[in-house]
Amino acid sequence: MDFLSLFLMDFVKQLQSPTLGFLIGGMVIAALGSELIIPEAINQIIVFMLLMKIGLTGGQAIRNSNLTEMVIPAASAVAVGVLVVFIARYTLAKLPKVNTIDAIATGGLFGAVSGSTMAAALTLLEEQNMPYEAWAAALYPFMDIPALVTAIVVANIYLNQKKGSAAAHSTVQDSFSKQPVAAGDYPDQQDYPRNRQEYLSKQQKPADNRVKIWPIVQESLQGPALSAMLLGIALGLFTQPESVYKSFYDPLFRGLLSILMLVMGMEAWSRLGELRKVAQWYVVYSVVAPLLHGFIAFGLGMIAHYTTGFSLGGVVILAVIAASSSDISGPPTLRAGIPSANPSAYIGASTAIGTPIAIGVGIPLFLGLAQAIGGS
């Protein structure tokens, strides 16, 4: 009973934090029809500065830490990123009126990471004085890239199988529709190679259907969110950025995050209309999936906690990035990698419901659970 009461008290307290308050405030003023607009250019600068700060923090921590401590948390991040896609493939895709390709793309976006959600979690951990490894933020790409790559590969495999079965069905139908021929005639001679070069070219055709992994990884790395964070990690790792970090990035962090939360709240409300265009099962998935993914990551993080001493704050970060869904680099990567998927499905599900659930429910939930386990 003490565990439950402590958990509920911490959960309610986290919901009253200023970070979550700005998110809820943004949704409220959008619902009331406010014409407040934050220019996109300013929003991009804010995101860049937040992720640079997180990257610099992680880079400096990695420079001063034992890299072997990162092995199990990093492996857990990779496992969750891949698993989330297959969860969507074999749950959401099986529901009525849900397109399989749209479901796979949704799984990829929910497996990828939201830098803003992670920034909100880091702020709340600091407000609660819960210690965590500064390099824990560097787990971002270990979950983000595998999720996007897996989604695009699984989607293309599905499309190729579908195309192959359709071609086979068409061939069977053609064979039944062919007319009898006289003895000595050779129908469909154009299907046979006329020379060695044509034979070799036909043998090489199946290779064109293979999904190429590196272009997907490259596109993910070149995305604005991930590239900004990786740049920060590299600068923190190989340079001495402490002076600019302390005088510029660190003091502005919380103020910039509050503005970003306000923008995300307004955008989340505006995206709700997009979910009306697709199956309503996306609403159910968007509520359940972030918490399910977070609990899976929380469990893996606790294994790392008991085996390697991974902090409870680090466990919370791992759970939160698993609960989050990419809001910056993920959508353009999926648009390019799975062009046949409906953006209204995966972006609407993520921004309108998934992100508010991850921030408003997931962060206080996992933080409260960790505090209850730690007895603080």
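The values are calculated or read from the model by the stated rules, or taken from the named source; none is laboratory data. What you see is a predicted model; the values in this text were computed from it and never measured. Neighbour counts are summed over all protein chains in view; Cβ atoms, including those assigned to glycine, are modelled from backbone coordinates with ideal geometry. Accessible surface is based on the protein model in full, side chains and every heavy atom, while ligands, DNA and RNA are left aside. Shrake-Rupley method; radii C 1.70, N 1.55, O 1.52, S 1.80 Å.
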Review point. Looking at region 260-297, which of its residues are open to solvent by 10 Å² or more (accessible area, probe 1.4 Å) and under 30 Å from VAL71 (Cβ atoms)?
Key: LEU291, LEU292, PHE295, ILE296
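Please determine, by comparing only the residues of region 88-117 that are open to solvent by 30 Å² or more (accessible area, probe 1.4 Å) and not aromatic (Phe, Trp, Tyr), which one is nearest to the chain's Cα centre (by Cα).
ARG89
Determine whether region 311-332 contains at least one residue that is of a type in the set (D, E, K, R), under 22 Å from the mean Cα position of the chain (by Cα) and open to solvent by 20 Å² or more (accessible area, probe 1.4 Å).
There is at least one residue in region 311-332 that is of a type in the set (D, E, K, R), under 22 Å from the mean Cα position of the chain (by Cα) and open to solvent by 20 Å² or more (accessible area, probe 1.4 Å).
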**Study point:** Checking MET130 against (1) touching a Gly at 6+ places or on another chain (Cβ under 9 Å); (2) assigned to a helix (DSSP H, G or I), the condition it does not meet
**Key:** (2)
Review point. If the Cβ limit is 6 Å and pairs must be 6+ apart or interchain, which residue in region 240-267 that is closer than 16 Å to GLY115 by Cα pairs with which residue that is in a helix (DSSP H, G or I) and open to solvent by 40 Å² or more (accessible area, probe 1.4 Å)?
Key: SER258/PHE22; MET261/PHE22; LEU262/PHE22; GLY265/MET27
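Which of the residues that make up region 76-112 are assigned to a loop (DSSP other than H, G, I, E, B), farther than 14 Å from SER286 by Cβ and of a type in the set (S, T, N, Q)?
Filtering region 76-112 for residues assigned to a loop (DSSP other than H, G, I, E, B) gives 91, 95-99, 112.
Adding the requirement that they be farther than 14 Å from SER286 by Cβ leaves 96-97, 99, 112.
If the condition is that a residue be assigned to a loop (DSSP other than H, G, I, E, B), farther than 14 Å from SER286 by Cβ and of a type in the set (S, T, N, Q), then ASN99 is the only one that fits.
Yes/no per residue for (1) among the acidic types (Asp, Glu); (2) touching a residue at least 40 places away in the same chain (Cβ under 8 Å); (3) in contact with a Phe, Trp or Tyr (Cβ under 7 Å, 6 or more places away or on another chain):
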| site | (1), (2), (3) |
| --- | --- |
| ILE54 | no, yes, no |
| ALA61 | no, yes, yes |
| GLU69 | yes, yes, no |
| VAL80 | no, yes, no |
| GLY108 | no, yes, no |
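For VAL71, state whether it is over 30 Å from PHE253 (Cα atoms), part of a helix (DSSP H, G or I), open to solvent by 10 Å² or more (accessible area, probe 1.4 Å) and modelled with pLDDT of 90 or more. Outline the logic, then answer.
Values: over 30 Å from PHE253 (Cα atoms): no; part of a helix (DSSP H, G or I): yes; open to solvent by 10 Å² or more (accessible area, probe 1.4 Å): yes; modelled with pLDDT of 90 or more: yes.
It is false that VAL71 is over 30 Å from PHE253 (Cα atoms), part of a helix (DSSP H, G or I), open to solvent by 10 Å² or more (accessible area, probe 1.4 Å) and modelled with pLDDT of 90 or more.
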